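Only one structure is covered here, and it is reproduced in the block below.
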Amino acid sequence: MRMTDLIERKERPVVSFEFFPPRDELAADKLDGVIDRLAALHPDFVSVTFGAGGSTREGSYQLARKLIQEKGLDVVTYFAGYGLSPDDITSVLDRYAELGVETLFVVRGDKPRDTDGFIPHPESFQHASELLDFIRPRYDFCLGAAGYPEGHPEAPSREKDLEYCRLKVNNGAEFIIAQYCYDNECFFDFVQRARSIGITVPIIPGVMPIYGVKLMEGLAKVCGATIPDAVRDGLAQLPQDDPKAVVRYGIDFATSQCRELLKHGVDGLHFYTMDRSNTIIEVVNRLREEALL
Ligand SMILES: Cc1cc2nc3c(=O)[nH]c(=O)nc-3n(C[C@H](O)[C@H](O)[C@H](O)COP(=O)(O)OP(=O)(O)OC[C@H]3O[C@@H](n4cnc5c(N)ncnc54)[C@H](O)[C@@H]3O)c2cc1C
């Protein structure tokens with residue numbers, strides 16, 4: 001599946017689920033059930049993350065293989081090139097191409113957190129735009145790249161970050177998946193600013209449901225996502241020590257966020273599953289009941 005063909009052909013917005021490779025057998029067994037439950041929603045594609053520095057190289061490959069060959073799903077593989085040599089890159093991508101992967105989402109990645117003493121290869125690429133420039137002439141993948149409605153945490157400004165996003169498009173990215181944000185206005189503004197500087201490719205919003213307070217806060221820190229006061233206030237009003245109430249709040253919040261995105265005419269919704277299924281099943285079912293999906 002080439003992402004651009006999918007978006008062009010689809011009559012309804014594209015629905016997709018992102019998985020990361022499991023760390024151990026227990027997590028793998030759990031993920032298997034999650035995949036089956038989410039596959040029953042018939043997503044347009046699922047995606048597999050890739051640990052920067054090659055930290056999940058084999059796990060990502062095995063998960064992509066399983067999703068394609070055993071689960072019969074359309075898969076977009078991610079590739080994070082941080083620290084890898086050109087030879088490392090081609091050895092990973094050759095295997096994805098052999099597997100039949102047609103769409104590759106390319107990110108720079110960050111320094112791996114749990115790989116002590118990792119030393120980036122001296123010939124590794126500094127930015128995703130350089131990775132795209134390297135990959136485009138060598139492979140027939142439909143390529144995608146990341147966009148940041150709130151600006152990437154390291155960027156000198158949102159304007160500069162958007163210029164680098166345009167460079168990724170100029171270097172071969174045919175679609176953008178946006179980092180999640182809890183305020184849709186921020187996403188709409190990002191799209192409008194992108195269009196105003198000549199970025200015309202589809203931009204799909206990432207949706208990160210609130211699964212738990214600690215997880216929400218930890219992810220927001222890493223990803224540079226703002227937690228709106230309304231969300232903090234909403235969570236503060238829930239009964240203390242009731243994780244189920246937080247999950248219910250997360251479902252309601254994600255449903256209303258997605259409802260607004262869909263009414264605004266987005267090309268798709270890309271759900272960050274965190275390898276969980278219940279919240280997303282509920283959100284997608286509610287949106288389908290309302291005939292929005
Ligand atoms: C949908 C999505 C999926 C992701 N999946 C993964 C994954 O599977 N694995 C993973 O490790 N990470 C993943 N990430 C996280 C991503 O790797 C990090 O956000 C990373 O810090 C930046 O990646 P990038 O591709 O946006 O980098 P870049 O586009 O290279 O940008 C990184 C920083 O450098 C700046 N910059 C870009 N180009 C230039 C330039 N030419 N000169 C100077 N500065 C420049 C940008 O403004 C930004 O601040 C994902 C992010 C998103 C949104």
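The values are calculated or read from the model by the stated rules, or taken from the named source; none is laboratory data. These numbers were taken from a predicted model, which means no experiment stands behind them. All Cβ positions, glycine included, derive from the backbone under ideal geometry; neighbour counts span all protein chains shown. Side chains included, ligands, DNA and RNA excluded: accessible areas come from the protein's heavy atoms. Shrake-Rupley method; radii C 1.70, N 1.55, O 1.52, S 1.80 Å.
Taken together, LEU104, LEU219, LEU143, LEU132 contain a single residue that is assigned to a helix (DSSP H, G or I) and either more than 30 Å from VAL246 (Cα to Cα) or in contact (Cβ under 8 Å) with a residue 12 or more places away in the chain (or both), which is LEU132.
Can you tell me how many residues within segment 222-266 are touching a residue at least 12 places away in the same chain (Cβ under 8 Å) and at negative phi?
26
Residue-level check: of (1) buried (at least 16 other Cβ atoms within 10 Å of the Cβ); (2) more than 16 Å from the chain's Cα centre (by Cα); (3) within 15 Å of the ligand (Cβ to nearest atom); (4) modelled with pLDDT of 95 or more, TYR78 misses just (2). Summed over segment 67-93, the residues that are under 18 Å from GLY33 (Cβ atoms) and aliphatic (A, V, I, L, M) give a count of 2.
For segment 228-250, a tally of residues being β-branched (Val, Ile, Thr) and surrounded by fewer than 17 Cβ atoms within 10 Å (Cβ to Cβ) returns 0. Each residue in segment 153-166 was checked for being outside any loop (DSSP other than H, G, I, E, B) and either more than 7 Å from the ligand (Cβ to nearest atom) or crowded, with 22+ Cβ neighbours inside 10 Å (or both), and 6 pass.
With PRO137, PRO112 as the choices, which residue is in a loop (DSSP other than H, G, I, E, B) and within 12 Å of the ligand (Cβ to nearest atom)?
On the way: PRO137 fails: within 12 Å of the ligand (Cβ to nearest atom).
None of the other options fit; the residue is PRO112.
Restrict the check to segment 202-215 and report whether at least one residue is of a type outside the set (Asp, Glu), open to solvent by 30 Å² or more (accessible area, probe 1.4 Å), over 21 Å from CYS165 (Cβ atoms) and out of contact with any Leu (no Cβ under 7 Å at 6 or more places or on another chain). The answer is yes; a qualifying residue exists. Taking segment 190-201 as the range and being open to solvent by 50 Å² or more (accessible area, probe 1.4 Å) and either under 21 Å from ARG248 (Cβ atoms) or in a helix (DSSP H, G or I) (or both) as the test, the residues that pass are GLN192, ARG195, SER196. For segment 108-152, the candidate set comprises residues that are surrounded by 21 or more Cβ atoms within 10 Å (Cβ to Cβ) and of a type in the set (A, V, I, L, M); within that set, the residue that is nearest to GLU70 (Cα to Cα) is LEU143. Before we move on, is GLY83 crowded, with 21+ Cβ neighbours inside 10 Å and on the phi > 0 side of the Ramachandran plot? Yes. Scanning segment 1-52 for residues that are in contact with a Cys (Cβ under 6 Å, 6 or more places away or on another chain), open to solvent by 10 Å² or more (accessible area, probe 1.4 Å) and not in a loop (DSSP other than H, G, I, E, B) gives a single hit, THR4. Is segment 273-285 home to any residue that is under 22 Å from ARG12 (Cα atoms), touching a residue at least 24 places away in the same chain (Cβ under 8 Å) and open to solvent by 70 Å² or more (accessible area, probe 1.4 Å)? Within segment 273-285, one or more residues are under 22 Å from ARG12 (Cα atoms), touching a residue at least 24 places away in the same chain (Cβ under 8 Å) and open to solvent by 70 Å² or more (accessible area, probe 1.4 Å). Of all residues in segment 167-181, those that are buried (at least 18 other Cβ atoms within 10 Å of the Cβ), part of a helix (DSSP H, G or I) and more than 10 Å from the ligand (Cβ to nearest atom) total 1.
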